[in-house]
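The values are calculated or read from the model by the stated rules, or taken from the named source; none is laboratory data. Note that the coordinates shown come from a computational prediction; the quantities given were computed from them, not determined experimentally. As a convention, Cβ positions derive from the backbone with ideal geometry for all residues, glycine included, and neighbour counts pool all protein chains shown.
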């Protein structure tokens, strides 16, 4: 059974791209969401290594008979699909959520490590391993208020010291053998700190390049593996050309 981490690594190598397209359409009428998604996929598929969907696309479409059509079409281009659902509940609810997304064809889900392991994310990880799927943990998000949660200092009983919350999450990601972590491109210093903990064991997915202000070269240099880019591509006058240019800059910076 090929695991998600292997699938996206293979896709990145074949496409010579470390761009994950965030297909987060919000300014499109519901009836046009699927056709518009297909159109963008058709134009950008040669220049990306994976696709990420968020709830603002899945909610108006529904999961079965809606968003799963986009997942299927994305797979036809040979690209894995991540569901950015940010799982964050008790274990039995978490595993039910993950099951539905995996049943709909998604190859990986995102989850919040705030909920913890026992009776939290453990059953999600177990389900993902059984099905060859992936779990990507939020370690530091890209928005300006991220420091209020991910950047707070927390007490570590072992050694009786304080440590930033995001460092704790990074260490948990390594301990739990996560398939990736999310660290915002708007905080390259956080990417660097997380990469120092994870090294090559867990890849870093970095959203926030472009409209949020993240710089590709700075992010790659800090240790990001994949760049999650949405609005800069999907709302560009020429999505294909934009995706190609970003892909070439990012791939060159990575090699």
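Residues are listed down the side, and each one gets a yes or a no for (1) assigned to a strand (DSSP E or B); (2) under 16 Å from the mean Cα position of the chain (by Cα); (3) within 29 Å of residue 38 (Cβ to Cβ); (4) modelled with pLDDT under 95:
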position: 182; (1), (2), (3), (4): yes, yes, yes, no
position: 186; (1), (2), (3), (4): no, yes, no, yes
position: 197; (1), (2), (3), (4): no, no, no, no
position: 200; (1), (2), (3), (4): no, no, no, yes
position: 224; (1), (2), (3), (4): no, yes, yes, no
position: 232; (1), (2), (3), (4): no, no, yes, yes
position: 236; (1), (2), (3), (4): no, no, yes, yes
position: 240; (1), (2), (3), (4): no, no, yes, no
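Residues in the range 131-144 that are at negative phi and modelled with pLDDT of 90 or more: 131, 133, 134, 135, 136, 137, 138, 139, 140, 141. For the range 129-148, the candidate set comprises residues that are in contact with a strand residue (DSSP E or B) (Cβ under 9 Å, 6 or more places away or on another chain) and part of a loop (DSSP other than H, G, I, E, B); within that set, the residue that is nearest to residue 102 (Cα to Cα) is 133. Look through the range 98-113, keep the residues that are over 17 Å from the mean Cα position of the chain (by Cα) and part of a helix (DSSP H, G or I), and return whichever of them is nearest to residue 76 (Cα to Cα). Out of the qualifying residues, it is 103.
Counting only strands (runs of 3 or more DSSP E) wholly contained in the range 6-93, no element carries 2 or more residues that are over 14 Å from the mean Cα position of the chain (by Cα) and at pLDDT 95 or above.
If the condition is being under 24 Å from residue 181 (Cβ atoms), surrounded by fewer than 21 Cβ atoms within 10 Å (Cβ to Cβ) and out of contact with any strand residue (DSSP E or B) (no Cβ under 8 Å at 6 or more places or on another chain), then the range 8-58 contributes 9, 10, 13, 14, 15, 16, 56. No other residue among 247, 192 is closer than 23 Å to residue 147 by Cβ, over 15 Å from the mean Cα position of the chain (by Cα), in a helix (DSSP H, G or I) and touching a residue at least 12 places away in the same chain (Cβ under 8 Å) apart from 192.
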